[in-house]
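The values are calculated or read from the model by the stated rules, or taken from the named source; none is laboratory data. This one's a predicted model, so the numbers in the text were calculated from it and none came from an experiment. Here Cβ is always computed from backbone atoms with ideal geometry, including for glycine, and neighbour counts include all displayed protein chains. What goes into the accessible areas is simple: the full protein's heavy atoms, side chains included, and nothing from ligands, DNA or RNA. Shrake-Rupley method; radii C 1.70, N 1.55, O 1.52, S 1.80 Å.
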Amino acid sequence: MDCCGHEGIGGGDAKFDVKKVGDGVWVAVAAPAYKVNCNTAIIESDDGVMVVDTHSKPSAARVIVEQLRGLTTRPVRYVVNTHFHWDHWHGNEVYPAAYPNAEIVTNQITREAMVKKGLKRIQDHVRTVPAEIAKLRAEAAAAPSSSSQREKLQSDLRLAEAYLAEVKALKPALPTIAFEQTMKLYRRDREIHLLHLGRAHTEGDVFVYLPKEKVVITGDAVIGWTPYMGDGYPEDWTGTLDRLAQLDFTHIIMGHGDVVGRDWLTTFRAYVDDMVAAVRKEVATGAALDEVKQRVTAALAPTYEKPFSAYGEYRPWRTGLAGNVERTFAMVS
Ligand SMILES: [Zn+2]
């Protein structure tokens, strides 16, 4: 196997586009990948750097460490995890290894979710990815030779194999600091607020807010495509986003997708609200899940299919919506 052909900066296959959001504030926007990576927000203060979220694997976090060297000479002091999902914290171990004084911070609920669910899911990945690899290998072998389809499958296969090797060797680094509702850092040049505003994408979503710079970092409570609700609370989500909307900000760094303004929060909130209302309405008629999926899709498509298809091929709206309906159906039935 070509060991290095797919490797980028820092020895990992993950790719990021680093953009300045404000003075000393950047976002590393993750490129689409076979195993999804989250964005990382980078905040520089007088005493060091805070990074928010660490991707699906250590090699992806190492790409960020490499890029940080081009942005600042200051060390990373804080690593924040916005929630317990694998693609936001599997790279944690890289930071204390690279920066001995780095603390990993989240709230108590998310730390508990990492201990109770996150650690087990790492073992689930170790168990299930080999079957994924076997399937990709069989599909690649069956695809017409030298077709773009085969190339794509072979590339996914290499990425899946590389991911399996990393997840097997993972040394999960749990948060070293956990807060309850709010934690505020007052630096000479900057205030950073870590907030829990209620349940949304998970039970413990953390928002990072920079009041002076008017920037908020949302994790997956707001993303650029259809939200994942498998561990979410669709009925609580809009209330949490309403509390978020009360903060004064102009830029939103999301868990996935490019930086957006407040307009996207309005659209995203309306989608969640309308989806939940539509599912409730159909459930009240006694409709079965498949019927509910069909009717809710038909009802929402005219308004939401286009705005939620900016990353359409990577994360198709209809697939995402079907999952959202399923979760909501289970919660309201
Ligand atoms: Zn997530």
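Here Glu282 fulfils each of the conditions (1) open to solvent by less than 30 Å² (accessible area, probe 1.4 Å); (2) of a type in the set (Asp, Glu); (3) touching a residue at least 40 places away in the same chain (Cβ under 8 Å) apart from (3). Under the condition of being crowded, with 24+ Cβ neighbours inside 10 Å, of a type in the set (A, V, I, L, M, F, W, C), within 16 Å of the ligand (Cβ to nearest atom) and more than 25 Å from Arg199 (Cβ to Cβ), the residues counted in region 31-83 number 1. For first residues located in region 214-225 and within 14 Å of Gly320 (Cβ to Cβ), partners that are of a type in the set (Asp, Glu) and lie 6+ apart or on another chain with Cβ distances below 7 Å form the pairs Gly224/Asp258. Do we have any residue at all in region 64-76 that's outside any loop (DSSP other than H, G, I, E, B), in contact with a His (Cβ under 9 Å, 6 or more places away or on another chain) and within 22 Å of Trp225 (Cα to Cα)? The answer is no, given that none of the residues of region 64-76 is outside any loop (DSSP other than H, G, I, E, B), in contact with a His (Cβ under 9 Å, 6 or more places away or on another chain) and within 22 Å of Trp225 (Cα to Cα). In region 253-266, what count of residues is obtained for those that are open to solvent by less than 40 Å² (accessible area, probe 1.4 Å), away from the ligand (no atom under 16 Å from the Cβ) and of a type outside the set (Gly, Ala, Ser)? Number of matching residues: 3.
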